[in-house]
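Working notes, structure below.
The values are calculated or read from the model by the stated rules, or taken from the named source; none is laboratory data. This is a predicted model, so every value here is computed, not measured. Here Cβ is always computed from backbone atoms with ideal geometry, including for glycine, and neighbour counts include all displayed protein chains.
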Amino acid sequence: MTNMSKMPYPMPKKFPSNLERLGYRSYNWIENRTWPIRPHLFVGFTLIGSAAQLRDFADVTIESVLKSLMISTVSTYSATFILRKFLKYFYFSYKAYLFENPKKPSIRTKLWGILRMILLKLAPPKLNSCDYLLPNLPLPALKNTVDQYIESMKYILTEEEHDQLVKDADNFLSNEGKTLQRFAWIMHKFKDNYVTSFWEKYIYFAGRYPVLINSSVAQCTMYGESGLLQPYQIARLIYIEAIGNLALDKQVGYKPIGDGLMSTRHYKNIYNGSRIPGKEYDHFQWNKPSRHVVLVHRGTWYKVDICDEKRNIYSVDQIAKIISEAITRNDKSTGSLAKIAALTTDRRTEWCENREKFFLKNPKNKRLLEIIETAMFVMSADDQLKWDVKTSADLSAYMKDMLAGDGINRWADKTMNYAVDSTGRAGATGEHSPCDGAELDHLCENVLFADKCVMREPSKEEQFEAMKWSEKDLKTVKLAEKLDFELVEGLGNEIERCYDNHKKAIDDLHVSSVVFKDFGKGRVKKCGISPDGFVQMALQLAIYRDQEKFVLTYEPGSVRFFANTRTETLRPVTKTSCDFVKAMMDQTVSRETRRDLLRQACGAHVANCKNVMIGNGIDRHLFVLCVLAKGFGYESKFLDHYSNQKWILSTSNIPNMTNQVDEDNDEKYIMTGASFGAVAQDGYGVCYRFGGNRAILVHVTSYHSSEKTDSDRFMGYLREAFHSLADLFETETNNNK
């Protein structure tokens, strides 16, 4: 069934007991605080040191043993502590190599590289081994942040507006800015990350808007068709994710990002947890690894166990039997109860009130709610007809469904809602608050690799045979348990209200998706420019043609080199990007000049990326100052201006986290990527990724209710821009063939 040597996760036979889990979590707790000294080495050094103090065994007493152990433990830990501090401040903090020519590194970079090879050879880190060694996110100088912000807005504002911004900035620097910066400095000194707690509370958990579309992300499967029947594909995904969940808990299987140089603090939130609505602020509820998932089919919810009472993990065939039986039952919910998940699509305060009224105050519904909120994840068996994602119209409809669901088949609070349609095509809807796209991408790449590249694909006959029940199966495999909610007074009306509102939101969402197969990353690299820079400059050209002006543009930047980080903002609109776009709009400018300007713009974009990576971004700093100003009652025209700006063009590049799937090997292995809703009502949301050297996959969102935007129109401009940019290098690339 599988190629064991290539599976990204270990394949345990049993779900760990509480005692076993305590054992490996205790080991990892020590590992994460003593690396690069392994826990067994730490204990060994401690015992050797203790034994060295007890040379005369004739005089050994309990007191002498305890004394020697204490002295040896303190000595060993002190040495480990000093080593870890050296690594934190001289190894993990070193970033100069980012700005050097990789072919001509400096002496210091060479020494750093040698140390890295030694560490990886002698003590290869586990997923979270280095998390406590990462440096704290630096606090930028106030004037540098303000100056950079003013510069970035020069190309968005009118001259009069920009002059006023400069005056407000000068006043801010002379007055309230100094005090707010002192408060930020105090936070910076007492927290490993002065941004993250504020970011999660005020950007995610304070939002009262519905989660789906506004905060959720769509994570989708491969471009090729599935050869698996729906129940069997569901079973495979459940099995892969069950062992993936345990691998993450054990800190194995998931390779540390950047060999331990990047933060992995939020990986633990991928499985088992749930966002809990609050009256003013939500919060994330983390749960220990769950023994069950929740299946939804035609509005009916089921609890599906992944192991038996003796903790034996079910095989794919056994899970397939459970799924097949559940989706063919004649016990489907009807009426309002078939739409009960619509309650989670409501505004957060209203969902909080309904959760308390209809679930927490009703013993039966409370137990069923707990089953959902503590589940590993939600799995939806959808009834859609075949999606031919090779057509733009169907791919757009598919991505829209993955982003918004249908009001019945997504429990919006869960971090992951998988969905498998009637043909076996699989995708997912992710809740964004507990983790970022990188973690979800890592998860999806592992799943896709295991499912498509490692596990054997049985024939249809074999799958049908596997789903048949035998007498032995009836005794050893537990059937799915229907979650039979109680329709209490007032619940039906609230469900219908939420369902109707979400259907309106779905109808308003405009998604345009394209698998651009004319060329991919390979051709862009031959042009000698950054692939991400290429797409960002194409986006700038497209939005200028669409809106006839430059607009505030958001791209998430990585700051994972620092502890407990989420994201920073990379602002693609620069002087060089604007100069390039203007040249492309001016027919009198030569191709050579346009090509040079594109290179300069992409070079500036790469430089900005690197500056953000080392903590020199401006947006999270300004965000924290805004929060502090509001909390301490300070008035600031400058900060008000910053907080009221809308990201008209919000973009995201989906990275390849593992490189496990060779997308150049076969078209069917291209991953279709992700999507998210536009941030501004009159704006666009653009998510893109390179499908190896074969394709660029782009998903554009906007809202039909806006008269200023049209996703199909913008996609047309973007496709033209891809060709326009690539054609600037046509002669050069032909000469390089």
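Here is how the numbers come out for the structure above:
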| read-out | value |
| --- | --- |
| Residues of segment 269-283 that turn out to be buried (at least 22 other Cβ atoms within 10 Å of the Cβ) and either β-branched (V, I, T) or touching a Gly at 6+ places or on another chain (Cβ under 7 Å) (or both), as a count | 1 |
| Residues being within 30 Å of the chain's Cα centre (by Cα), surrounded by fewer than 14 Cβ atoms within 10 Å (Cβ to Cβ) and not basic (K, R) - total across segment 160-196 | 3 |
| Positions within segment 244-268 being surrounded by fewer than 20 Cβ atoms within 10 Å (Cβ to Cβ) and either touching a Cys at 6+ places or on another chain (Cβ under 6 Å) or more than 30 Å from I614 (Cα to Cα) (or both), in sequence order | H266 |
| Filtered residue count, segment 300-313, keeping only those that are in a loop (DSSP other than H, G, I, E, B) and closer than 13 Å to R329 by Cα | 0 |
| Close pairs (8 angstrom Cβ cut-off, 6 or more residues apart or separate chains): closer than 12 Å to M584 by Cβ in segment 526-547, hydroxyl-bearing (S, T, Y) and buried (at least 24 other Cβ atoms within 10 Å of the Cβ) anywhere | M537/S577; Q540/T553; Q540/S577 |
| Any hit, segment 391-412, residues being outside any loop (DSSP other than H, G, I, E, B), aliphatic (A, V, I, L, M), closer than 20 Å to C220 by Cβ and in contact with a His (Cβ under 8 Å, 6 or more places away or on another chain) | yes |
| Qualifying position, being among the aliphatic types (A, V, I, L, M), closer than 30 Å to T264 by Cβ, outside any loop (DSSP other than H, G, I, E, B) and at pLDDT below 95, among V535, V524 | V524 |
| Within segment 84-104, considering residues that are free of Cβ contacts under 8 Å to residues at least 12 places away in the same chain and among the basic types (K, R), the one surrounded by the most Cβ atoms within 10 Å (Cβ to Cβ) | K85 |
| Helices (runs of 4 or more DSSP H) within segment 148-256 that include 1 or more residues closer than 30 Å to F464 by Cα, out of contact with any helix residue (DSSP H, G or I) (no Cβ under 6 Å at 6 or more places or on another chain) and of a type in the set (G, A, S) | 230-250 |
| Residue within segment 140-159 that is farther than 30 Å from S26 by Cβ and surrounded by fewer than 12 Cβ atoms within 10 Å (Cβ to Cβ) present | yes |
| Filter result for G615 (outside any loop (DSSP other than H, G, I, E, B), under 29 Å from S93 (Cα atoms), out of contact with any helix residue (DSSP H, G or I) (no Cβ under 6 Å at 6 or more places or on another chain) and not hydrophobic (A, V, I, L, M, F, W, C)) | no |
| Hits in segment 1-48 - residues which are at pLDDT below 85 and either hydroxyl-bearing (S, T, Y) or over 23 Å from P125 (Cβ atoms) (or both) | M1, T2, N3, M4, S5 |
| Segment 419-448, subset in a loop (DSSP other than H, G, I, E, B) and not charged (D, E, K, R), residue farthest from F284 (Cα to Cα) | T423 |
| Single match in G424, G407 (criterion: of a type outside the set (S, T, N, Q) and under 20 Å from E241 (Cα atoms)) | G424 |
| Residue selected from segment 349-377 under the condition touching a strand residue (DSSP E or B) at 6+ places or on another chain (Cβ under 7 Å) and part of a helix (DSSP H, G or I), by the criterion nearest to D249 (Cα to Cα) | E373 |
| Residue check for I319: more than 30 Å from F198 (Cβ to Cβ), hydrophobic (A, V, I, L, M, F, W, C) and crowded, with 23+ Cβ neighbours inside 10 Å | yes |
| Unmet criterion (only one of (1) out of contact with any Leu (no Cβ under 6 Å at 6 or more places or on another chain); (2) buried (at least 20 other Cβ atoms within 10 Å of the Cβ)) for K504 | (2) |
| Which listed residue, of S324, S336, S315, is of a type in the set (S, T, N, Q), farther than 28 Å from L474 by Cα and touching a residue at least 60 places away in the same chain (Cβ under 8 Å) | S336 |
| Members of segment 196-234 that are at pLDDT 90 or above and among the charged types (D, E, K, R) | E200, K201, R208 |
| Every residue from segment 121-139 that is among the aliphatic types (A, V, I, L, M) and exposed (fewer than 14 other Cβ atoms within 10 Å of the Cβ) | L122 |
| Condition met for K646 (in contact with a strand residue (DSSP E or B) (Cβ under 9 Å, 6 or more places away or on another chain) and among the charged types (D, E, K, R)) | no |
| Test: residue in segment 284-299 that is surrounded by fewer than 17 Cβ atoms within 10 Å (Cβ to Cβ), in contact with a Lys or Arg (Cβ under 6 Å, 6 or more places away or on another chain) and either outside the structural domain of L87 (by TED's automatic domain parsing) or not in a helix (DSSP H, G or I) (or both) | yes |
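Each row is one residue, and each column tells you yes or no for (1) polar (S, T, N, Q); (2) more than 29 Å from the chain's Cα centre (by Cα).
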{"position": "I543", "(1), (2)": "no, no"}
{"position": "L552", "(1), (2)": "no, no"}
{"position": "F562", "(1), (2)": "no, no"}
{"position": "K575", "(1), (2)": "no, yes"}
{"position": "K582", "(1), (2)": "no, yes"}
{"position": "S590", "(1), (2)": "yes, yes"}
{"position": "G603", "(1), (2)": "no, no"}
{"position": "A607", "(1), (2)": "no, no"}
{"position": "V612", "(1), (2)": "no, no"}
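Residue-by-condition table, conditions (1) among the hydrophobic types (A, V, I, L, M, F, W, C); (2) assigned to a helix (DSSP H, G or I); (3) surrounded by fewer than 22 Cβ atoms within 10 Å (Cβ to Cβ):
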| position | (1), (2), (3) |
| --- | --- |
| R545 | no, yes, yes |
| F550 | yes, no, yes |
| P556 | no, no, yes |
| F562 | yes, no, no |
| P572 | no, no, no |
| V589 | yes, no, yes |
| E592 | no, yes, yes |
| R599 | no, yes, yes |
| C602 | yes, yes, no |
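Residues are listed down the side, and each one gets a yes or a no for (1) acidic (D, E); (2) surrounded by 22 or more Cβ atoms within 10 Å (Cβ to Cβ); (3) over 26 Å from the mean Cα position of the chain (by Cα); (4) not assigned by TED's automatic domain parsing to the domain that holds K332:
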site	(1), (2), (3), (4)
V378	no, yes, no, no
D406	yes, no, no, no
K414	no, yes, no, no
G427	no, yes, no, no
D436	yes, no, no, no
L440	no, yes, no, no
V454	no, no, no, no
P458	no, no, yes, no
E489	yes, no, yes, yes
